[in-house]
Amino acid sequence: MSAQPSARRSPDASYDPETPLARGSLLWFAGGSFGMGIYVTVPGLLLLYYLTNVCDVDAWLAGVALLLPKIVDVVVHPFVGSVSDAGRRRSGSRVAMLAVGTLTLPVAFVLLFAAPSPLLGAWAALWVALFFVLANTLFAAYQVPYLSVPSDIATGYHQRTRLMGFRMVVLTLGILIGGALAPLLADQETGTRGDYLTMSIVLGVVMLATMFSGIAGVRRLEGEVPPSPLGSEGSHVLTLRERFAVAWSNQPFFWLMCSYLVMSTTTHLLLAGTPFYTEYVLENAKLTTVLFVCFVGPALVATPLWARISRRYGKQRLLLLAQGMFLVGALLLLLGRPGGLPYVLPSMLLLGVAFAGMQLFPFSMLPDTVKAAGEAGQRNAGAFTGLWTATEATGAALGPYLYAGALALGGFVSTQAGETVAQSDSAVTAVRLAFSLLPAVLMCLALVLQRRYPLDRERSR
């Protein structure tokens, strides 16, 4: 049941936006990100490998099967944002839509890895594509209203960073635990379809439990902090097209979104490539979990440190630094097989520290851009968030698609569960370069785009 507007505090001119948020509210809210971390990680980490090495789907077709559902997201996410905004205006809360996502997403996640055994090749690709569309739509029903909340409440510049800092630590835990357990439960080396189904059921149950925590956290924040003003009762309610126009005309939002699209593409490319890199370059598939932990694990320590030093140096400067660190780490991976683990592991650790900043700062800068849009931004925070999450979803699709395209160009041969094929030298080279040089090139583009972001620390209050 949605909270009624009367249950919430009214906007209060005497309220200090930098009043520290209660730790309990932060923890409950952040808890919802654990299940989100599982969903954004496991398909990105294993779905391409599941298609090419378990379901005998050609690499190019597997890339298309993962890309097309994300194209649907470009329409779905902004629409969900519009519906979420309308719900907030009616009831004063976004909880109703959050509940829909919580109850349905785990089921769709299980079905994603439940392709029946007779389905191979194109039919298996079709199964995954259809349920990926469904799962992504239901994920939007949770993600969009959840990420709109920091824009809904009257918190200040630093408290938004603190709120997102808590969220990013828990999200990192979800990414880390989900990404570490999934290859083990699915048994990457010899896993059958049944193993992948078992993995999805176990992690789906965890998603369900933790996403309820996010709902509780949203309720607590809505009761603790005054809402940002929505304008007078007679204010014009923007149409969906007008909301798009407001978002696109917001220069800080536009450049941040463009940069984040490239960052999301790069990190999801790295995730999709990890199982291939460990099996065909490092020649040890069991190292998938090790590399994944090295990539995500540092964020548990780095995220609070990034948040703390941002109070002195600002978010924009540190985001540029994180992007530069990621570029260096990707270039170090070019050593690949010649350097071996002594070079690969430190490179992944450096990428992990950079990844923490590349997650914390864009998500804490998003509410800054909404605040910068004034009343129009506050009334349509869900529209901004819908465009943002559509961008993230597009990056999540483009990353595996680019990696699959590189595999296809290199002549990578797909198999089904239980089969082994010796890959050509060109295929192994494609695996290696797509995991190192391609992310470096993409991150150079992200740096160029991020430098156009105009908001500074003082203007983001």
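All of the numbers you see were taken from the coordinates with simple rules; none came from a lab. Small disclaimer: the values here were computed from a predicted structure and weren't measured. For neighbour counting, all protein chains shown are included, and Cβ atoms are generated from backbone atoms with ideal geometry for every residue, glycine included.
Numerical summary
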| item | result |
| --- | --- |
| Residues I177, I215 arranged by fewest to most Cβ contacts within 10 Å | I177, I215 |
| Solvent-free Debye scattering, log10 I(q)/I(0), computed from the Cα coordinates of the range 103-218 at q = 0.12, 0.14 Å⁻¹ | -0.54, -0.70 |
| Zone of V100's modelled label, taken as backbone nitrogen in the range 50-87 under 13 Å from a point 7 Å along Cα→Cβ | 76-87 |
| D368, D425 arranged by Cβ crowding within 10 Å, fewest neighbours leading | D425, D368 |
| Fewest-first ranking of R312, R89, using other Cβ atoms within 10 Å as the exposure measure | R312, R89 |
